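To keep things clear, I will list the structure first and then write my remarks on it.
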Amino acid sequence: MPKLLPIFFVLISFSGAISAQLDGSAIPSIGGSMAVSPARFELEMKPGTETTVVVSLDYRAGENTAKPVRIVASLNDWTITKDGRIEYSRSNTLPNSASPWLIYTPGEAALVPGSIHQIRVTIAVPANAQPGDHLTSLIIEQRPETLKHESNVRQMIVRYRMASVFYIKVPGLTKKGSIENLFAESTPDSIIVTPTLKNEGNSMIRAIADVKVLDNDGKVVANAPDLEPLPILAGAEVSQPVTISKTLAPGIYTVKYRIDFQDGGKVTEGITDLIVKTTPQIAQAEKPSQKP
């Protein structure tokens, strides 16, 4: 049986803009709210196998809205960029796309306020599928409605655009994390530490990290424990800044970024110096050290 680890990942399109919501709450609007669940699937599947899952939509209309809304579903490839942005592309255009493996029904539907609508998704992994993570997403968006134009009346349109993302994990999975670079920057009221993390394996890494800033005497003057960096996709790099609210006096500091890639290897530590002057400067280690 495939292993399933669901969490929420919801998108909304409002006045032409797309934003992400990662805490699992429904998307509010003046006309109500809509949520998708599960919003992430991690399915371990062998080549030549098939399984079916269900994506549920919960539509809550506003006080003055009772009529159904029409939605349409489609498939998109997706990835995480080096600077941490989630990007969507046409299906079957990115490497390791799983879009051709999915069939979903219904493709269109009318959502009645206060009810749960379900979309069945069948995943069929080809017999010749290569080991590693294969990614796709089911996009659910609201169909445009015909506006009734009335003189001297302003109209606001809220359209939902949500995603349930899929990791199809074909056995033979490998994970190999490393710290490629480490930067530290001091601003008047904070410290910004930016590691560049790399995954040379064929399966996504979810790491756990912490940051410590030490003075010349080795005393910890600032820290950020229990960090959960962005997932590092197979064969990818990601640079995610960590901001610590702290004002440092002028001097030379040591910044340590310690990370457990949870890839079966030892905990890795990157170290760099941070020189704080009257005008904050940026410090870069030419080659961060790594030690168990």
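The values are calculated or read from the model by the stated rules, or taken from the named source; none is laboratory data. It should be emphasised that the depicted structure is a prediction, and the values quoted were computed from it without experimental measurement. With ideal geometry, Cβ positions are generated from the backbone for all residues, glycine too; neighbour counts draw on all protein chains shown. Calculation scope for accessible area: heavy atoms of the full protein, side chains included, ligands and nucleic acids excluded. Shrake-Rupley method; radii C 1.70, N 1.55, O 1.52, S 1.80 Å.
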Residue among SER186, SER245, SER203 that is more than 22 Å from ASN96 (Cβ to Cβ) and either in contact with a Lys or Arg (Cβ under 6 Å, 6 or more places away or on another chain) or surrounded by fewer than 17 Cβ atoms within 10 Å (Cβ to Cβ) (or both): SER245
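For (1) part of a strand (DSSP E or B); (2) open to solvent by less than 20 Å² (accessible area, probe 1.4 Å); (3) modelled with pLDDT of 95 or more; (4) hydrophobic (A, V, I, L, M, F, W, C), each residue gets a yes or a no:
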| site | (1), (2), (3), (4) |
| --- | --- |
| TYR104 | yes, no, yes, no |
| HIS117 | yes, no, no, no |
| ALA127 | no, no, yes, yes |
| GLN130 | no, no, yes, no |
| ASP133 | yes, yes, yes, no |
| SER137 | yes, yes, yes, no |
Considering only residues of the stretch 73-100 that are β-branched (Val, Ile, Thr) and either in contact with a His (Cβ under 6 Å, 6 or more places away or on another chain) or open to solvent by less than 50 Å² (accessible area, probe 1.4 Å) (or both), which is farthest from THR122 (Cα to Cα)? THR81
Of (1) over 16 Å from GLU269 (Cα atoms); (2) surrounded by 13 or more Cβ atoms within 10 Å (Cβ to Cβ), LYS219 fails just (2)
